[in-house]
Amino acid sequence: MKVLIIGAGNLGNAFAADLSSRNHRVSIWTHPSHPGNSIKIANEGLEAKGAVVGHFYPTILPDLGHAVSEAEAIIVTIPAKAGVKEELKVRLAEHDLASKILIWVPGLLASLVGVKLSTAATFEASNSPYGCRIDEGKAFIKAFKKVIEIAAFDADSETEYRSQVEALFPSRLEWRANILDVAMHNTNFITHPVTVIENAQRILAGESFRFYRDGMTPSVCEKMEKLDELRMSVIAKFNFAGISHIGLVNRWYGRNEPNYLAFARNSPSHNATLGVPSDMQHRYLTEDCRMLPFYRGLAEKFGINAEIADWVLAQARALAGEDFEETGLTLAKLDMEGLSGDEIVAKWGAN
């Protein structure tokens with residue numbers, strides 16, 4: 001399949017290497033201000049190591065219109081920072097997408113914010129199918145996740161395009177009720193912000209430690225559990241088949257750990273590199289905190305205690321210098337603010 005990857009960061013590079021290794025025709029487009037690894041790829045190709053090994057030559061296309069016209073499927077891998085996906089959607093809306101399969105990885109309700117796009121079919125995945133990094137300009141794919149949650153924006157298009165979408169992922173796809181269900185099975189907002197907050201002094205001092213094994217202490221994991229209790233309480237209101245945080249990471253990575261503390265200490269792929277942020281503008285705060293206003297808003301609708309979300313938002317704001325209650329994903333941005341909890345469930349809950 002002819003696949004356009006938007007973004008040349010960790011995930012974009014991993015997709016480019018993996019899809020190229022499986023004989024898809026891969027091209028890459030990046031925002032002019034955020035070239036990522038694309039310049040190196042254009043000059044030298046893309047070298048991959050880890051779970052995918054090889055030297056690949058995806059085509060770097062600087063013109064978005066040309067890139068879109070050449071593709072059958074478009075995989076968006078850009079960061080979830082404030083306004084980034086909305087800006088991309090404005091750019092994409094200028095081009096003919098009527099015959100294109102569009103896949104947001106991860107989705108995080110990208111289909112609902114900003115301008116609406118008319119595609120052949122749009123899908124949202126919960127997470128990256130890879131544990132991956134760019135290491136010395138190489139795509140380092142540390143692991144393939146065993147399963148990824150996914151849904152079509154329009155349920156009617158799921159059956160027609162399911163096999164084509166499945167061919168693009170290295171993992172088994174689990175088809176969920178809808179994109180809200182999928183978004184609620186992304187747990188980055190549980191894993192990363194608390195760990196950064198509780199280890200902020202060590203990070204700012206430039207201390208060398210393993211982010212997972214050393215940074216995720218018992219007290220950090222206790223706060224993660226409270227965030228997951230909030231997530232699972234919200235999920236229950238929609239009657240989705242909710243999976244706990246530890247249940248998700250165990251199945252993604254083929255582990256059988258009793259709790260997240262054990263997972264953080266024992267997961268080989270998560271401890272293959274140090275993984276410590278260099279500063280407080282790292283994606284672990286600037287991207288992963290964006291879902292917290294969404295959960296807090298729903299918790300308020302349903303009368304669920306969200307004190308842990310308030311605490312994380314306050315701490316993250318102080319560290320990152322960003323008001324995530326303004327820049328994050330709010331109910332207002334999703335056209336849910338004016339609805340009651342029952343009305344939101346009636347629209348989005350599982351049948």
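Computed from backbone phi, the HN-Hα couplings of segment 252-267 come to 4, 10, x, 9, 9, 7, x, 7, 6, 4, 5, 4, 4, 7, 9, 6 Hz, rounded to whole numbers (Karplus: 6.51 cos²θ - 1.76 cosθ + 1.60, θ = phi - 60°; Gly and Pro given as x).
Count the DSSP beta bridges whose two residues both fall in the chain, then state the antiparallel fraction as a percent rounded to the nearest 5. Show your work: numbers first, answer last.
Working: 12 of 38 bridges.
Just about 30 percent of them are antiparallel.
Suppose every K and R has +1 on its Cβ and every D and E has -1 on its Cβ; what is the size of the dipole of segment 1-181 about the Cα centre, in Debye to the nearest 20?
Details: 19 positive and 21 negative charges, 105 e Å.
Using Cβ point charges on Lys, Arg, Asp and Glu, segment 1-181 gives about 500 debye.
Using only side-chain charges placed at the Cβ, +1 for Lys and Arg and -1 for Asp and Glu, the dipole size of the chain relative to its Cα centre rounds to 960 debye.
Subtracting the Cα-Cα distance from 0.36 nm times the residue separation, let me have the gained length for Asp279 to Thr217 in nm, one decimal. Show your work: numbers first, answer last.
On the way: separation 62, 0.36 × 62 = 22.32 nm, distance 1.99 nm.
Result for the pair: 20.3 nm of gain on full extension.
Only one item in (i) 78, 56, 35; (ii) 73, 56, 41; (iii) 49, 48, 38 matches Cα extents along the principal axes in Å derived from the coordinates shown, and that item is (iii). Summary of packing: across the peptides 205-211, 228-234, 339-345, the per-residue average of other C-beta atoms within 10 Å ranks them, highest first, as 228-234, 339-345, 205-211.
If you take every residue apart from Gly275 with its C-beta less than 11 Å away from the C-beta of Gly275, what net charge results, scoring Lys and Arg +1 and Asp and Glu -1? All intermediate terms of the calculation are to be shown ahead of the outcome.
Numbers: positive: Arg133, Lys142, Arg210, Arg213; negative: Asp214.
That sum, taken over residues with Cβ under 11 Å, equals +3.
Of all aspartates and glutamates in the structure, the ones whose alpha carbon falls short of 12 Å from that of Lys85, not counting any fewer than 8 places away in one chain, are Glu287.
Among rounded, prolate and oblate, which fits segment 185-346 when a ≥ b ≥ c are the square roots of the eigenvalues of its C-alpha gyration tensor, a/c under 1.5 means rounded, and a/b larger than b/c means prolate?
Details: a/c = 2.40, a/b = 1.38, b/c = 1.74.
The shape class here is oblate.
For segment 284-351, what does the relative contact order come out to in percent, with C-alpha contacts under 8 Å and a separation of six or more? Walk me through the numbers before you get to the answer.
Working: 52 pairs, mean separation 26.8, N = 68.
Worked out over segment 284-351, it gives 39 percent.
Charged neighbours of Cys132, selected by a Cβ distance under 12 Å, balance to +3 (K, R count +1; D, E count -1). Within segment 1-181, what percent of beta bridges assigned by DSSP are antiparallel, to the nearest 5? So the antiparallel bridges in segment 1-181 amount to around 30 percent.
Of all aspartates and glutamates in the structure, the ones whose alpha carbon falls short of 14 Å from that of Lys223, not counting any fewer than 8 places away in one chain, are Glu198, Glu307, Asp310. Only helices enter this figure: runs of n ≥ 4 DSSP H residues, each worth -39500 (n - 2.57), summed and divided by the residues of the chain, yield -11500 deg cm²/dmol at 222 nm to the nearest 500.
Under 17 Å Cα to Cα from Lys81, which lysines show up? Leave out anything in the same chain fewer than 8 places away. Here the lysines satisfying the reach criterion relative to Lys81 are Lys89, Lys333.
Computed from the coordinates by the stated procedures, all read-outs in this text should not be read as laboratory data. What you see is a predicted model, and the numbers here were worked out from it, not measured in a lab. Cβ atoms come from the backbone with ideal geometry, glycine included; neighbour counts cover every protein chain shown.
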